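Colleague: Sending over a structure as structure tokens; questions will come in a sec.
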Amino acid sequence: MEISEAKLGNGFLGTLPDSEETPQIVIRDLWKIFGRDPKRILKGPFKNMKKEIIQKKTGCILGMRNINLEIKKGEFYILMGLSGSGKSTMIRNLIRLVNPTSGSIMINGRDITKLNNEQLIQFRRDTFGMVFQHYGLLPHMTVLDNAAYGLKIKGLPKDERYARAMPILETVGLRGWEDYYPGSLSGGMQQRVGLARALANDPEILLMDEPFSGLDPLIRRQMQDELVELQDKLKKTIIFVTHDLHEALKLGDRIAIMRDGEVVQIGSPEDIVTNPADDYVKEFVRDASPSKVLTAGSIMENVKVLLYAWEGPKTALTHLNANNRKSAFVLNKFHQLLGVTKMETLLKLISSVDKPPVIPESAIRKITTVSPDTILEDLFPIVSENPYPIPVVDSDNRFLGVVTTDQIFESISVSEGEENA
Amino acid sequence: MLDFPEMDGLPLAEWVDNAMSWLLTHLGGFFDVVGFIILNVVVGIEQIFLNLPWFVIILLVGLAGWKLVGKMRTGIVFMIFMILIGSFGYWELAMRTLSLVIASVFFSLLIGLPLGIGMARNDKMEIILKPLLDGMQTMPSFVYLIPALMFFGMGKVPAMFATIIYAVPPVIRLTNVGIRTVDKEALEAAKAFGATKKQVLFDVQLPLAKPSIMVGINQTTMMALSMVVIGSMIGAKGLGMEVLLAINRIEVGRGFQAGLSIVFLAIIVDRITYSFSQKK
């Protein structure tokens, strides 16, 4: 039985394509039960009972029940839940600060639940960086020594440690604070040290256990923004634990919501808010404003009339008249947006002396555009200042669609209506 | 009716006596070696204190009071204390007592720190050691003097043996508590970055437990001082002997002088060792 399973496992691994699509972390059937002789729970009838009942009848506490997750390389993955939901246990399992009761955790194709002590220490050194809620700094070491601590553990000589930690302290905005002790720094700055320490190892995977929960709201938002910026540059795999929905929606590529040690829903921020899997998630996202989640790209519409720069003013006018429009966007041959032109301008061109064969640049007015990632909240000031539909363009300025004030309000009221239903 | 019925209880006293005689016959050589080591250390320390000129010691104590404890005033008060002890004619006895205390503390730390660390890392060890430590601290200290006498005869060595047993519990306890109460996340952080057990101990546990360990050392030192005085009953020369003589001869004044000298020493030793626990 065991042999055939092992064979199956090897065969499975052997046939997996070694592409970007292979998840970096694969968690299968992971259980964690705290207490005396936890394996008996998995064998007996208690396995499928509720957490409270297991605790009452056996004294054991269910930490995680049958977790299955896949996390891609470079993904910003959020584990969200209330306290006691198992999210902290989950993240500690990945680095085996807590050992799972059963199940497997494959990281880069290696089952880390089977590592012995030396292998585990090496694996932690090579693969991970971790940031803690209460920073977990060493008060008797300076900021620089704290940031370089992971490198010290690896046995690097002092000069090299400092040489590698200094630029990272600078990245997190702590230049000039190297020789201070953590105790004299504010919470936000201490967490920057924590972040620097995690990054100094240049880890593939960054584990963050409620890193911003202890900070006051303004600093928290600032740190979130900086983390997003940093992640754009670094492209690490980040596993981020939080109980704050707004934080999750703002930061995450994907969110796994946990309750009583189980994963209840996995999805993009948009999925979670617009399609909550059950009442628990619904309750969770009740306060979430769709305006913080929905993006211009998700609500934009096509336009009926588009003008092209190579068309003559006369053709353009015909188009506008046929569709009963007073103005329209003008694109070039690469489908890039040039701007907007009005009927009056076109009429003037036709009646003018030189009668240009194409719409001249002077007749096209440049306008404000937004990217498809812009969240609705950020669209409000833009639509209120600009009376016409706002064009959505990609990073190469190619035209994708438009958003209008009506669409924005409609999308908000629709998702709120669903919630109330 | 109200009297406790007479019965043959556990022959505990008999067992202990048997165990003692077994130890004496079979481990006599071991105790000789231990005694030899203890004696050499304490005599070495005594030589230093007795051979240093008195004014050098007074200056050093004053300097310690000023620099370690905090204020220059403290240093001056310490120096006055020392001069008073000398003026009573107890300089040599005080130096002998001090040597005994320092040697006892040295051995107590040698035993206590590793035991405290072991206790913090091993729950079973804690369960076993805790009641043992309670016993060591609450047992009347005179009780240790009897086996100490039997193992090592009269003199400094048995006094120190009894002192070590009496004084070692606080440093063990506070090392254990200090390490166990180290910030959990600092500990997890070190582990998460791949620290070995040894790295965790020296980089995180011991430095963060240091204030607690220092309080333990302070308490151990104070207990050693009080026990060294009692140790005079089995022939350890020192201030305690003066007290003992005064009691035997009912000389109140002499007893007060000697007692006051012990108090002065105690204050100086306490403030200096306590200052270690306060510093960052």
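Colleague: If I filter region A:364-374 for residues that are over 31 Å from the mean Cα position of the chain (by Cα) and surrounded by 13 or more Cβ atoms within 10 Å (Cβ to Cβ), do I get at least one hit?
Modeller: yes
Colleague: Could you please find all residues in region B:154-177 being more than 19 Å from B:Phe106 (Cβ to Cβ) and touching a residue at least 60 places away in the same chain (Cβ under 8 Å)?
Modeller: B:Met154, B:Asn176
Colleague: Can you pull out the helices (runs of 4 or more DSSP H) entirely within region B:163-264 that have at least 2 residues that are within 14 Å of chain A (Cβ to nearest Cβ), surrounded by 19 or more Cβ atoms within 10 Å (Cβ to Cβ) and at negative phi?
Modeller: Fully inside region B:163-264 and qualifying: B:184-192, B:206-231.
Colleague: Still on this structure, please answer the following. Which residues, counting only those in region A:21-36, are at pLDDT below 85 and surrounded by 10 or more Cβ atoms within 10 Å (Cβ to Cβ)?
Modeller: A:Thr22
Colleague: Say whether the condition of being within 14 Å of another protein chain (Cβ to nearest Cβ), at pLDDT below 95 and buried (at least 22 other Cβ atoms within 10 Å of the Cβ) is met by at least one residue in region A:210-218.
Modeller: The answer is yes; a qualifying residue exists.
Colleague: Further question: Can you go through B:Ser232, B:Ser261, B:Ser277 and tell me which one is at pLDDT 90 or above and within 22 Å of the chain's Cα centre (by Cα)?
Modeller: B:Ser261
Colleague: Out of the residues in region A:319-361 meeting the condition of being in contact with a strand residue (DSSP E or B) (Cβ under 7 Å, 6 or more places away or on another chain) and of a type in the set (Ser, Thr, Tyr), tell me which one is farthest from A:Asp396 (Cα to Cα).
Modeller: Filtering first and then ranking leaves A:Ser327.
Colleague: Which ranges mark the helices (runs of 4 or more DSSP H) fully within region B:42-161 that have 2 or more residues being surrounded by 12 or more Cβ atoms within 10 Å (Cβ to Cβ) and acidic (Asp, Glu)?
Modeller: B:123-138
Colleague: What about A:Gly84, is it under 30 Å from A:Arg259 (Cβ atoms), away from chain B (no Cβ under 14 Å) and assigned to a loop (DSSP other than H, G, I, E, B)?
Modeller: It is true that A:Gly84 is under 30 Å from A:Arg259 (Cβ atoms), away from chain B (no Cβ under 14 Å) and assigned to a loop (DSSP other than H, G, I, E, B).
Colleague: Looking at A:Ile95, A:Ile67, which one is β-branched (Val, Ile, Thr) and within 14 Å of another protein chain (Cβ to nearest Cβ)?
Modeller: Going through A:Ile95, A:Ile67 in turn, just one is β-branched (Val, Ile, Thr) and within 14 Å of another protein chain (Cβ to nearest Cβ): A:Ile95.
The rows are residues; the columns are (1) in contact (Cβ under 8 Å) with a residue 40 or more places away in the chain; (2) among the hydroxyl-bearing types (Ser, Thr, Tyr); (3) within 19 Å of A:Ile95 (Cβ to Cβ).
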{"site": "A:Leu156", "(1), (2), (3)": "no, no, no"}
{"site": "A:Met166", "(1), (2), (3)": "no, no, no"}
{"site": "A:Pro182", "(1), (2), (3)": "yes, no, no"}
{"site": "A:Gln190", "(1), (2), (3)": "yes, no, no"}
{"site": "A:Ala200", "(1), (2), (3)": "yes, no, yes"}
{"site": "A:Asp209", "(1), (2), (3)": "yes, no, yes"}
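Results for (1) in contact with a Ser or Thr (Cβ under 8 Å, 6 or more places away or on another chain); (2) in contact (Cβ under 8 Å) with a residue 40 or more places away in the chain; (3) not charged (D, E, K, R), shown as yes or no for each residue.
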residue: A:Asp279; (1), (2), (3): no, no, no
residue: A:Lys292; (1), (2), (3): no, yes, no
residue: A:Thr295; (1), (2), (3): yes, yes, yes
residue: A:Glu301; (1), (2), (3): yes, yes, no
residue: A:Lys304; (1), (2), (3): no, no, no
residue: A:Tyr308; (1), (2), (3): no, no, yes
residue: A:Glu311; (1), (2), (3): no, yes, no
residue: A:His319; (1), (2), (3): no, no, yes
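Colleague: Right, something else. Are any residues in region A:142-167 of a type in the set (A, V, I, L, M) and buried (at least 19 other Cβ atoms within 10 Å of the Cβ), and if so, which ones?
Modeller: A:Val143, A:Leu144, A:Ala147, A:Ala148, A:Leu151, A:Ile153, A:Ala165, listed by residue number.
Colleague: Do any residues in region A:73-88 that are at negative phi and in contact (Cβ under 8 Å) with a residue 60 or more places away in the chain have Cβ atoms under 8 Å from those of residues that are among the aromatic types (Phe, Trp, Tyr) and buried (at least 21 other Cβ atoms within 10 Å of the Cβ), where the two are at least six apart or on different chains, and which pairs are they?
Modeller: Note: pairs meeting the criteria are A:Phe76/A:Phe240; A:Tyr77/A:Phe240; A:Ile78/A:Phe240; A:Leu79/A:Phe240; A:Met80/A:Phe284.
Colleague: Kindly list the number of the only condition in (1) over 18 Å from A:Met141 (Cα atoms); (2) within 14 Å of chain A (Cβ to nearest Cβ); (3) without any contact (Cβ under 8 Å) to a residue 24 or more places away in the chain that fails for B:Pro140.
Modeller: Result: B:Pro140 passes all but (2).
Colleague: Sticking with this one: For residues that are under 17 Å from A:Met141 (Cα atoms) and among the β-branched types (Val, Ile, Thr), tally how many sit in region A:169-197.
Modeller: 1
Colleague: Can you name every one of the helices (runs of 4 or more DSSP H) wholly within region A:101-161 that holds 2 or more residues which are at the interface with chain B (Cβ under 8 Å from one of its Cβ atoms) and over 30 Å from A:Ile61 (Cβ atoms)?
Modeller: Per the criteria, A:117-127, A:149-153.
Colleague: Then there is this: All but one of (1) facing another protein chain (nearest Cβ under 10 Å); (2) over 24 Å from the mean Cα position of the chain (by Cα) hold for A:Cys60; state the number of the condition that does not hold.
Modeller: Of (1) facing another protein chain (nearest Cβ under 10 Å); (2) over 24 Å from the mean Cα position of the chain (by Cα), only one is false for A:Cys60: (1).
Colleague: Any residue in region A:128-152 that's closer than 24 Å to A:Phe240 by Cβ: show its pairings with residues that are of a type in the set (Asp, Glu) and buried (at least 22 other Cβ atoms within 10 Å of the Cβ) at Cβ separation under 6 Å, as long as the two are six or more apart or on different chains.
Modeller: A:Phe132/A:Asp209; A:Gln133/A:Asp209
The values are calculated or read from the model by the stated rules, or taken from the named source; none is laboratory data. Computed from a predicted model, the values in this text were never measured in an experiment. Here Cβ is always computed from backbone atoms with ideal geometry, including for glycine, and neighbour counts include all displayed protein chains.
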